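The values are calculated or read from the model by the stated rules, or taken from the named source; none is laboratory data. Quantities reported herein were computed from a predicted structural model and do not represent experimental measurements. Don't worry about glycine lacking a Cβ; one is built from the backbone with ideal geometry, like all the others, and counts go over all protein chains shown. For the accessible areas, the whole protein counts, side chains as well, though only heavy atoms, and no ligand, DNA or RNA atoms are used. Shrake-Rupley method; radii C 1.70, N 1.55, O 1.52, S 1.80 Å.
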Amino acid sequence: MRNWPKHPRIYEINTWLWLEELSRTFGYEVTLADVPQETWNSFVPLSLDAVWLMGVWERSPAGIGITMMDKDNQDEFRRVLPDFRVSDIAGSPYCVRRFEADQRLGGASGLSSARKELAKRGLRLILDYVPNHVAPDHPWVTEHPEYFIHGTRDDLLNDPASYREVGENILACGRDPFFPAWKDVLQLNSFNPGARKEAVETVLSIAASCDGIRCDMAMLLINDVFQRTWGERAGKNPGTEFWPELIMTVKKYFPYFLFIAEAYWDLEWPLLQHGFDYCYDKRLYDRLSGENAESVRYHLRADLAYQEKLVRFIENHDEPRAASLFSPDKARAAALVMATVPGAKLFHDGQMEGRRIRVPIILARRPDEPVDHELKSFYARLFQVIDSPSIREGTWRLLDISGWPDNSRWMNIVAWSWQKGKDNCLIVVNLSDTRSQARIHLSGVNLAGRMTRLTDLMNNEIYERSGNEMAEIGLYVDLDPWTYHVLMFEDA
């Protein structure tokens, strides 16, 4: 498949957990090579564009050993799985021994089969790339120790949690500068020319097996960030950035290959300038989960060309389950927002069913949880709505709203529209726990001189309103806490 849609919908699956549950359901060991046809078919009604099979690469036995030595990890495993056993450990998908499909998941042939099955259904395949670190038993550790950040004997003695002795070398563990080191991985030196060359070759090999990659902690490889993190240990700053050369080279051979950056610390814009097609929008997630409607509205005032390059989400494997973080009504409102603003949309396996337990990514099994059938029905309707041509292909506008001097609750409401030709869709959401009223000022819609029928696509309710009134003073809305309208306009 060639060009990606402008606002792709991506579905993240924890591959190991998914195959384990399919194996229990069907009574035989299911790998990527023999996923039942009805399972692949189940993605079709969701109007998705891509499936992200998270965690297909070969996992590290050495990493598992390090993780199992940590009592806090074992306590967390037992909290999630009261009947936890050692066989439930699959290994971390971000402690990669080799960028080859794990044989326990079906190997390279299984991955190829999965890609073909997805393509039959018009779906692309996204995989992971971990640029910052590798497992302690990765071949480079012994074959190319110069690719890594080195420490000294004093570093090992003074900070044994951040350094590891490997043969004759003392190597730094991977890290995010704001948190303790990750004990189960070793830090690559992105300033090393050989390591950079290997990174390009690695991504070229991955690109032959999929349609795009999600790049783990991509901002750590920005030169300024890397230098601040590692200082003199990194050596001389090469002057050229890590990502532009890599992305440009890969796209010479795979021009439609998609690069997605996991990004934090407001570094989305620099990464987009480095060539990424999309970056995580953690800021919108934080505003939806912990701030108010005004902060969301402020966020959505950003330049449209920038917003169209953001990945919106309300959960993924790193964040708490939305059903555990939000109240049921707030979860629906947040989902409606992230699904109807510009940019890519990321949905997480279990999100639609209301799973509440965030499972550590090292586990191969998760507990059974009851399905929230009301939430599942909400998402089924939402997927139908966002598949409409106006939202799929139209022009997006953030709309102005207003209220009255003695009623400030209009500030709890956000609104935007999608327009494609004569099709106009208006989304209005009350992002508060208070009943709120507002006037929505429509733009780009010729309403004067006729009555207009407004059909709410989420519940099929129909309203008739004066076009003159809407054109002159705006559409009046009155919404209960965490409720919304998705209104399609047509002449009455």
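Scanning the stretch 255-273 for residues that are open to solvent by less than 40 Å² (accessible area, probe 1.4 Å) and charged (D, E, K, R), which turns out nearest to the chain's Cα centre (by Cα)?
Glu262
List pairs: first residue in the stretch 195-215 and without any contact (Cβ under 8 Å) to a residue 60 or more places away in the chain and of a type outside the set (A, V, I, L, M), second residue surrounded by fewer than 18 Cβ atoms within 10 Å (Cβ to Cβ) and not in a helix (DSSP H, G or I) anywhere in the structure, Cβ distance under 8 angstrom, at least six positions apart or on different chains.
Arg196/Pro238; Glu198/His144
Looking at the stretch 112-194, what strands (runs of 3 or more DSSP E) fall wholly within it and have at least 2 residues that are of a type in the set (Gly, Ala, Ser)? I'd like the intermediate steps shown before the answer.
Details: elements: 124-129, 163-166, 169-174, 182-187.
In the stretch 112-194, 169-174 are the strands (runs of 3 or more DSSP E) which contain 2 or more residues that are of a type in the set (Gly, Ala, Ser).
Return the total of residues in the stretch 331-371 being in a loop (DSSP other than H, G, I, E, B) and closer than 25 Å to Gly55 by Cβ.
22
Just to be sure I understand the filter: pairs with C-beta atoms under 7 Å, separated by 6 or more residues or on different chains, first member in the stretch 304-320 and closer than 15 Å to Tyr11 by Cα, second member buried (at least 24 other Cβ atoms within 10 Å of the Cβ) and aromatic (Phe, Trp, Tyr). Which pairs pass?
If the second residue must be buried (at least 24 other Cβ atoms within 10 Å of the Cβ) and aromatic (Phe, Trp, Tyr), the pairs left are Val311/Tyr278; Val311/Tyr280.
Yes or no: Glu374 at pLDDT 95 or above, of a type in the set (Asp, Glu) and touching a Leu at 6+ places or on another chain (Cβ under 8 Å)?
no
Among (1) surrounded by fewer than 21 Cβ atoms within 10 Å (Cβ to Cβ); (2) in contact (Cβ under 8 Å) with a residue 40 or more places away in the chain; (3) in contact with a Gly (Cβ under 9 Å, 6 or more places away or on another chain), there is one condition Phe383 misses while meeting the rest; what is its number?
With respect to (1) surrounded by fewer than 21 Cβ atoms within 10 Å (Cβ to Cβ); (2) in contact (Cβ under 8 Å) with a residue 40 or more places away in the chain; (3) in contact with a Gly (Cβ under 9 Å, 6 or more places away or on another chain), Phe383 is out only on (3).
Only one of Ile391, Ile427 is of a type in the set (A, V, I, L, M), modelled with pLDDT of 95 or more and not in a loop (DSSP other than H, G, I, E, B). Can you tell me which? Even if it seems obvious, please write down each step before you answer.
Details: Ile391 fails: modelled with pLDDT of 95 or more.
Matching residue, one of Ile391, Ile427: Ile427.
Checking the conditions here, which among Trp396, Trp418 is touching a Cys at 6+ places or on another chain (Cβ under 6 Å), crowded, with 18+ Cβ neighbours inside 10 Å and part of a strand (DSSP E or B)?
The unique qualifying residue is Trp418.
In the stretch 421-465, how many residues are surrounded by 13 or more Cβ atoms within 10 Å (Cβ to Cβ) and among the polar types (S, T, N, Q)?
7
Give the number of residues within the stretch 308-330 that are assigned to a loop (DSSP other than H, G, I, E, B), charged (D, E, K, R) and over 22 Å from Arg392 (Cβ atoms).
Within the stretch 308-330, residues that are assigned to a loop (DSSP other than H, G, I, E, B), charged (D, E, K, R) and over 22 Å from Arg392 (Cβ atoms) number 4.
Out of all the residues in the stretch 107-117, is one or more touching a Phe, Trp or Tyr at 6+ places or on another chain (Cβ under 7 Å) and either buried (at least 23 other Cβ atoms within 10 Å of the Cβ) or of a type outside the set (Ser, Thr, Tyr) (or both)?
Yes, because at least one residue in the stretch 107-117 is touching a Phe, Trp or Tyr at 6+ places or on another chain (Cβ under 7 Å) and either buried (at least 23 other Cβ atoms within 10 Å of the Cβ) or of a type outside the set (Ser, Thr, Tyr) (or both).
State which residue is surrounded by the fewest Cβ atoms within 10 Å (Cβ to Cβ) when the search covers only the stretch 321-333 and only residues that are touching a residue at least 60 places away in the same chain (Cβ under 8 Å) and closer than 22 Å to Leu457 by Cβ. I'd like the intermediate steps shown before the answer.
From the stretch 321-333, those touching a residue at least 60 places away in the same chain (Cβ under 8 Å) are 327, 329-330, 332-333; that's our starting set.
Within this subset, residues satisfying the condition of being closer than 22 Å to Leu457 by Cβ are 329-330, 332-333.
Values: Asp329: 15, Lys330: 19, Arg332: 22, Ala333: 23.
Of everything passing the filter in the stretch 321-333, Asp329 is surrounded by the fewest Cβ atoms within 10 Å (Cβ to Cβ).
I need the full set of residues from the stretch 174-224 which are over 19 Å from Thr240 (Cβ atoms) and among the charged types (D, E, K, R), in order please.
Listed by number, the residues that qualify are Arg175, Asp176, Lys183, Asp184, Asp211, Arg214, Asp216.
Give the stretch 466-485 a look and list any residue that's crowded, with 16+ Cβ neighbours inside 10 Å and either touching a residue at least 24 places away in the same chain (Cβ under 8 Å) or touching a Pro at 6+ places or on another chain (Cβ under 7 Å) (or both), or say none.
Met470, Ala471, Gly474, Leu475, Val477, Leu479, Pro481, Trp482, Thr483, Tyr484, His485
Looking at the stretch 166-189, which of its residues are of a type in the set (Gly, Ala, Ser), open to solvent by less than 10 Å² (accessible area, probe 1.4 Å) and more than 24 Å from the chain's Cα centre (by Cα)? Reasoning before the result, please.
The initial filter retains those residues of the stretch 166-189 that are of a type in the set (Gly, Ala, Ser), namely 167, 172, 174, 181.
After this cut, where a residue has to be open to solvent by less than 10 Å² (accessible area, probe 1.4 Å) as well, the list is 172, 174.
Listed by number, the list holds a single entry, Ala172.
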